Amino acid sequence: MKIKNKKVKEIKNVILLALIICLIIYIIYELVELISSPTEAVLVRKGEVSKEESTFGYIIREEEIITNQSAGENIEKLKAEGEKVSKGEAILKYYTVEKELIAQEISETEAEIQQALESQNEIFSSDIKALDAQIEDKLYNISNKNNVQELKENKTDINSYITKKAKITGDLSPAGSYIKDLILKKNELEESLLEGSQSIYASTSGIISYRIDDLENVLKTTNLESITKEMLNKLDLKPGKVISTSNQRVKLVNNFYCLIATQSSSNEAKNAKVGDKVNIKLSTGDEVKATIEHINDEENSRILIFRIIQNVEQLVSFRKISMDIIWWSASGLKIPNSSIIYKEGLSYILKKENNKDKEVLVKIIKENDEYSIVKNYNTDELVELGFDEETIRKLNKIEEYDNIIINPNTKNVTERLQKN
């Protein structure tokens with residue numbers, strides 16, 4: 001009997017030990033699960049969810065290079081970079097004579113006139129005083145201006161005032177014949193310079209740019225079908241690099257719109273259609289609206305060409321840029337994807353209420369890799385899903401500021417849903 005009792009006791013000890021081992025294993029398992037997917041609660045808040053794709057874009061513009069090969073270096077820019085011009089407006093002047101030599105001679109003659117005027121201190125007519133005041137005013141403006149065009153205009157005005165002063169002084173001064181000769185010489189030089197120059201006029205309205213990269217006739221708005229991944233890669237352009245300024249050439253750029261070509265193999269790109277509207281975030285941080293103008297299909301990817309009408313002038317200095325395509329965005333109740341439990345094609349969350357976890361059926365509106373925008377189903381939708389009236393009345397709702405569980409124990413939740 002003692003032997004039998006001893007064996008029973010040993011068996012009980014073995015069973016107890018096995019149970020303890022199983023309990024330890026279970027606890028370790030739960031701890032591992034908790035560490036790998038910690039359970040915590042977060043507040044439901046209203047927010048925005050978007051799907052973005054970072055990529056590179058190639059700028060395609062309506063742009064016309066205006067140049068004259070015979071002009072050499074003898075050109076004068078009549079408009080500043082980025083300045084708007086109208087059709088028929090003079091934008092460039094080039095010289096067939098030795099402009100630099102004549103311009104230097106004019107400058108020297110002006111200096112001689114000024115020196116001659118300074119020696120005529122005995123003349124104090126009201127006209128002379130008025131001209132002196134105007135000259136001082138223009139000199140003050142020059143010291144406070146940075147715009148090249150405005151500086152040029154002020155200098156022209158000063159020269160005009162000095163010439164008027166010289167003419168008056170020449171009539172009143174005993175040495176007037178010398179000043180008159182200088183004025184005549186200056187006029188003759190200016191006429192010879194004018195006769196040896198030719199102006200170039202804008203063929204259409206737009207903005208002026210001296211940034212020429214010789215891709216103006218490669219990336220054109222009229223041959224979008226020829227733009228391929230291979231072609232873009234061969235251009236070997238660096239994103240964000242500023243196009244160099246030309247001293248001999250100028251171009252007219254349509255500032256009302258431009259196109260941006262990019263290559264993508266994302267699901268969003270594969271499902272995109274001409275006419276679809278997206279947002280594009282430029283490297284400047286600006287977000288602009290864009291419309292898909294053209295699509296070229298390639299093996300495993302697509303060339304998408306977007307049209308934008310905002311911030312066009314800011315892109316004139318670049319040919320390749322970094323950008324983000326914002327395929328879509330949605331706003332509403334925003335929750336982490338890690339809080340969603342999927343069961344039989346439906347989505348649930350757990351919300352904490354009065355120290356209890358309650359299952360809530362939610363409808364996912366939009367989702368990206370991390371977050372979803374959700375809302376409650378309406379009655380008609382629930383009936384269509386097969387819920388009866390009594391079940392619908394008992395369903396919990398999700399609301400802003402609810403506490404929901406992240407990384408819930410899906411096994412336990414699934415069992416509870418099955419019971420319900």
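The values are calculated or read from the model by the stated rules, or taken from the named source; none is laboratory data. The shown structure was predicted, so the numbers you read here are calculated from the model rather than taken from an experiment. Don't worry about glycine lacking a Cβ; one is built from the backbone with ideal geometry, like all the others, and counts go over all protein chains shown. Remember, those area values only see protein heavy atoms, side chains included, never the ligands or the DNA or RNA. Shrake-Rupley method; radii C 1.70, N 1.55, O 1.52, S 1.80 Å.
Within segment 374-409, the set of residues being within 21 Å of K352 (Cβ to Cβ) and part of a helix (DSSP H, G or I) comprises K394 only. Would you say E390 is charged (D, E, K, R), within 21 Å of E48 (Cα to Cα) and modelled with pLDDT of 90 or more? No; evaluated as a whole, the condition is false for this residue.
Pairs linking a residue in segment 242-257 that is closer than 18 Å to T284 by Cβ and part of a loop (DSSP other than H, G, I, E, B) to a residue that is of a type in the set (A, V, I, L, M, F, W, C) and open to solvent by 30 Å² or more (accessible area, probe 1.4 Å), with Cβ atoms under 7 Å and 6 or more positions apart or on different chains, are I243/F318; Y257/I309.
Among the residues of segment 303-325, are any in contact with a helix residue (DSSP H, G or I) (Cβ under 6 Å, 6 or more places away or on another chain) and of a type in the set (F, W, Y)? No - not one qualifying residue is present in segment 303-325. Candidates in segment 68-112 are the residues that are β-branched (V, I, T) and within 17 Å of S203 (Cα to Cα); of these, the one that is modelled with the lowest pLDDT is I91. The listed residues are E52, E63, and the only one of them that is closer than 24 Å to V312 by Cα, touching a strand residue (DSSP E or B) at 6+ places or on another chain (Cβ under 6 Å), open to solvent by less than 30 Å² (accessible area, probe 1.4 Å) and modelled with pLDDT of 85 or more turns out to be E63. Of all residues in segment 305-317, none are at pLDDT below 95 and more than 15 Å from the chain's Cα centre (by Cα). Here the condition is being open to solvent by 60 Å² or more (accessible area, probe 1.4 Å) and under 22 Å from V49 (Cβ atoms); of S329, S283, it holds for S329 alone.
Taking segment 210-241 as the range and being part of a helix (DSSP H, G or I), free of Cβ contacts under 8 Å to residues at least 24 places away in the same chain and under 16 Å from I260 (Cα atoms) as the test, the residues that pass are S226, M231, N233.
Enumerate the pairs (first residue in segment 332-346 and part of a loop (DSSP other than H, G, I, E, B); second residue anywhere and open to solvent by less than 30 Å² (accessible area, probe 1.4 Å)) with beta-carbon separation below 7 Å, excluding pairs fewer than 6 apart on the same chain, so at least 6 apart or on different chains. Partner pairs satisfying both residue conditions: I340/S347; I340/I349; I340/S372.
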